[in-house]
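Asks: Next up is a structure, given as structure tokens.
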Amino acid sequence: MLTKLTQKIDQAIADNLENQMTSGIVVLVYRNGEKVYAKAAGMADIESGIPMRENTLFRFASISKAFTSLAVAALIGQGKINLDDPITKWLPDFKPALTDGTVPVITIRHLLSHMAGLDYRWAQKEDGPYATAGVTDGLDITGISLEENIRRIASAPLAFAPGSSWLYSLAPDVLGAVIAKAHGTDFPSAMQSLLLEPLGIRDTAFSVPANQKSRVAAAYYLDADKKLTRMADDQFLTSPDDRYFHFSPERVFNADEYPSGGVGLVGTASDLMRIVEVIRTGRAPFIPQKLILQMSENCLKGIEARPGLGFGLGWGILINPVRAENTPQTPGTRMWGGVYGSKWFTDPAKNLSVVSMTTTALDEVVSVAIRNAIYEAQG
């Protein structure tokens with residue numbers, strides 16, 4: 001089976017490189033906690049002639065959310081935070097109101113599950129409330145602090161009463177400020193102490209020093225003619241579902257940019273796999289297993305985050321493989337991805353964990369091909 005697995009993934013990688021769907025890719029596959037496949041292929045940076053390596057650094061984008069959620073879980077494990085604590089316990093001025101002026105209670109649970117009524121600027125109209133408030137999604141170079149962005153978020157109206165619906169949002173950025181307050185440090189230091197150091201994660205951070213710049217994969221996208229194109233320093237891209245993103249790939253080299261708990265981390269495939277394995281097993285030395293498993297229970301009742309997909313306390317939960325574009329994954333599979341082109345999933349029923357990192361923003365083609373190849377190899 002391992003030979004078949006290797007052949008299938010190798011072919012999927014080769015096809016996508018030949019078709020120039022990405023410049024390069026790193027794939028890691030674990031089964032029962034053991035590495036059964038690892039490969040880096042293609043180029044990390046075409047223009048600079050840098051080949052892809054297993055220790056190449058990638059902009060995690062929304063993959064950062066799993067890290068932030070587990071940092072919250074670590075604080076819960078220490079008894080410093082509770083799931084149903086109001087956010088005002090830590091951020092007294094964070095009081096966004098509903099459109100009728102009512103100021104509801106928002107809890108840690110609401111933020112983790114994206115049921116707080118917050119939003120993303122890229123999901124709104126160009127002149128929407130977040131644009132009016134000057135909110136940033138954390139992907140661009142802003143020149144503002146985490147506290148200032150949270151103030152701006154709080155000044156905009158909530159989309160719905162907390163707990164009544166689901167909307168993907170800047171909630172993890174707010175959680176970053178809560179983590180800092182509860183830990184008594186700044187957010188990057190708290191992330192390091194609560195999560196990264198205990199798991200032996202050495203390369204993940206909110207910025208990359210100048211002497212490590214050559215390790216960071218370049219960012220590309222497919223233009224209107226489906227040609228692989230390098231991102232500009234300030235790049236606006238529209239996704240297939242007409243969402244408008246503002247990227248600044250150079251943000252990761254600016255240590256003064258605010259640490260975004262939703263999209264701000266950069267790290268390696270192996271760093272990410274440590275997190276994925278924690279999510280698969282529920283085992284971490286600093287978080288109760290019961291809590292991690294609870295985080296992978298679907299919080300949504302009667303609604304979906306995406307077709308066939310529910311949501312837990314930090315990541316997506318597959319509930320209907322047919323509705324989720326006929327994915328071969330098992331119901332209960334946990335997953336998420338980032339707009340810079342990286343994905344992870346773990347299928348506990350098959351004791352399977354997968355990380356696929358590409359250089360293509362808004363990628364779906366490559367990651368789906370890798371996923372399908374893995375399941376085809378299993379027969």
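Asks: Quick one: would you say L118 is under 27 Å from N254 (Cβ atoms), over 16 Å from the mean Cα position of the chain (by Cα) and either open to solvent by less than 10 Å² (accessible area, probe 1.4 Å) or modelled with pLDDT under 95 (or both)?
Replies: It is true that L118 is under 27 Å from N254 (Cβ atoms), over 16 Å from the mean Cα position of the chain (by Cα) and either open to solvent by less than 10 Å² (accessible area, probe 1.4 Å) or modelled with pLDDT under 95 (or both).
Asks: What's the total number of residues in the range 201-219 that are assigned to a loop (DSSP other than H, G, I, E, B), in contact with a helix residue (DSSP H, G or I) (Cβ under 7 Å, 6 or more places away or on another chain) and open to solvent by 20 Å² or more (accessible area, probe 1.4 Å)?
Replies: Total meeting the criteria: 3.
Asks: Restricting to the range 103-153, what's the tally of residues that are more than 22 Å from E257 (Cβ to Cβ) and in contact (Cβ under 8 Å) with a residue 12 or more places away in the chain?
Replies: 16
Asks: So, one more: Just the residues that are touching a strand residue (DSSP E or B) at 6+ places or on another chain (Cβ under 8 Å) and part of a loop (DSSP other than H, G, I, E, B), please, taken from the range 235-257.
Replies: If the condition is that a residue be touching a strand residue (DSSP E or B) at 6+ places or on another chain (Cβ under 8 Å) and part of a loop (DSSP other than H, G, I, E, B), then S239, S248 are the ones that fit.
Asks: OK, next. Give the residue that is modelled with the highest pLDDT, with candidates limited to residues of the range 1-30 that are open to solvent by 40 Å² or more (accessible area, probe 1.4 Å) and closer than 20 Å to P348 by Cα.
Replies: Per the criteria, the residue is Y30.
Conditions (1) farther than 24 Å from A373 by Cα; (2) of a type outside the set (D, E, K, R); (3) assigned to a loop (DSSP other than H, G, I, E, B), marked per residue:
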residue: S270; (1), (2), (3): no, yes, no
residue: L300; (1), (2), (3): yes, yes, yes
residue: N326; (1), (2), (3): no, yes, yes
residue: F345; (1), (2), (3): no, yes, no
residue: S353; (1), (2), (3): no, yes, no
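Asks: Right, another one. Specify which of the listed residues (A40, A73, A61, A44) is surrounded by 24 or more Cβ atoms within 10 Å (Cβ to Cβ), under 30 Å from V29 (Cα atoms) and more than 18 Å from the chain's Cα centre (by Cα).
Replies: Result of the check over A40, A73, A61, A44: A44.
Asks: How do the pairs read when you match residues in the range 340-354 that are buried (at least 24 other Cβ atoms within 10 Å of the Cβ) with residues anywhere that are of a type in the set (D, E, K, R), using Cβ under 6 Å and keeping only pairs 6 or more apart or on different chains?
Replies: Filtered contacts from the range 340-354: Y340/R59; G341/D363; T346/R280; T346/R334; S353/E277; S353/R280.
Asks: Could you identify the single residue in L293, L222 that is open to solvent by 40 Å² or more (accessible area, probe 1.4 Å), among the aliphatic types (A, V, I, L, M) and in contact with a Leu (Cβ under 7 Å, 6 or more places away or on another chain)?
Replies: Among L293, L222, only L222 is open to solvent by 40 Å² or more (accessible area, probe 1.4 Å), among the aliphatic types (A, V, I, L, M) and in contact with a Leu (Cβ under 7 Å, 6 or more places away or on another chain).
Asks: Any idea how many residues of the range 35-48 are out of contact with any helix residue (DSSP H, G or I) (no Cβ under 7 Å at 6 or more places or on another chain) and over 18 Å from Y221 (Cα atoms)?
Replies: Total meeting the criteria: 3.
Asks: Right, something else. Considering only residues that are assigned to a loop (DSSP other than H, G, I, E, B) and open to solvent by 50 Å² or more (accessible area, probe 1.4 Å), look in the range 78-89 and name the one that is farthest from A284 (Cα to Cα).
Replies: The selected residue is D84.
Asks: Among (1) more than 24 Å from P129 (Cβ to Cβ); (2) over 18 Å from the mean Cα position of the chain (by Cα); (3) in contact (Cβ under 8 Å) with a residue 60 or more places away in the chain, there is one condition A66 misses while meeting the rest; what is its number?
Replies: Checking A66 against (1) more than 24 Å from P129 (Cβ to Cβ); (2) over 18 Å from the mean Cα position of the chain (by Cα); (3) in contact (Cβ under 8 Å) with a residue 60 or more places away in the chain, the one that fails is (2).
The values are calculated or read from the model by the stated rules, or taken from the named source; none is laboratory data. Because the structure is a prediction, the values reported are computed rather than measured. Positions of Cβ are backbone-derived with ideal geometry, glycine not excepted, and every protein chain shown enters the neighbour counts. Note: accessible area is taken over every heavy atom of the protein model, side chains too, but ligands, DNA and RNA are not part of it. Shrake-Rupley method; radii C 1.70, N 1.55, O 1.52, S 1.80 Å.
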